[in-house]
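Working notes, beginning with the structure itself.
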Amino acid sequence: MVTEDFSQTNKVITLQPNCSATWKQTQLFLLVISIPSLIIASIWSFLGFWLVLPFAGLELGLLAFLMHRVCYKTHTRQRISFEDKVVRIQSGVYQLEDVKQFERGDVFLWIKKPVKPMDMLELHLRDEQSDYEVGAFLNNDDRKLARSALKKAGLAETLDRWWEKESFD
């Protein structure tokens, strides 16, 4: 998801991945899956097949761990602030921290075009000394929106293969 806030003094672009479920909804899903699975495993255990119970617990534990990791990753955010003299990139999961800062006049948007149809374009903010990829967690449509928002904020744009026809579809 790409949100823009272009006021008179500052321009702020916020990038975050699309999130289809909150942590509470994920917990509810895990509960709905766990109860029938544990009931069935308990029945098999009472019938003498006790080895089913540890594997059911292992399965549910692994599912809970993976669901937690996915839910955690969907709270990643990047905020790109265009101030008078600097472009500041803040990134984080729950709390944003300053990651990179560029001089406003030196920074430009460098785009790495996809090589194969399954690849996605990459957006980098660069100056003469450093490079920082923004929106690596976005899907391809959101990366295109982020590209247009960064161009609207006034960044110059260059392509890695500038001699080729520009098509990202």
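When every residue of region 111-119 is checked against the conditions, at least one turns out to be assigned to a strand (DSSP E or B), surrounded by 14 or more Cβ atoms within 10 Å (Cβ to Cβ) and in the same structural domain as S7 (by TED's automatic domain parsing). Within region 3-29, if we keep just the residues that are touching a helix residue (DSSP H, G or I) at 6+ places or on another chain (Cβ under 7 Å) and surrounded by 15 or more Cβ atoms within 10 Å (Cβ to Cβ), the residue that is nearest to V70 (Cα to Cα) turns out to be T26. Determine if region 83-97 includes at least one residue that is of a type in the set (S, T, Y), within 24 Å of K144 (Cβ to Cβ) and either surrounded by 11 or more Cβ atoms within 10 Å (Cβ to Cβ) or not assigned by TED's automatic domain parsing to the domain that holds L150 (or both). For region 83-97, residues of a type in the set (S, T, Y), within 24 Å of K144 (Cβ to Cβ) and either surrounded by 11 or more Cβ atoms within 10 Å (Cβ to Cβ) or not assigned by TED's automatic domain parsing to the domain that holds L150 (or both): present. For region 58-78, the tally of residues that are among the small types (G, A, S) and either within 15 Å of K24 (Cα to Cα) or modelled with pLDDT under 95 (or both) stands at 1.
The values are calculated or read from the model by the stated rules, or taken from the named source; none is laboratory data. Small disclaimer: the values here were computed from a predicted structure and weren't measured. Positions of Cβ are backbone-derived with ideal geometry, glycine not excepted, and every protein chain shown enters the neighbour counts.
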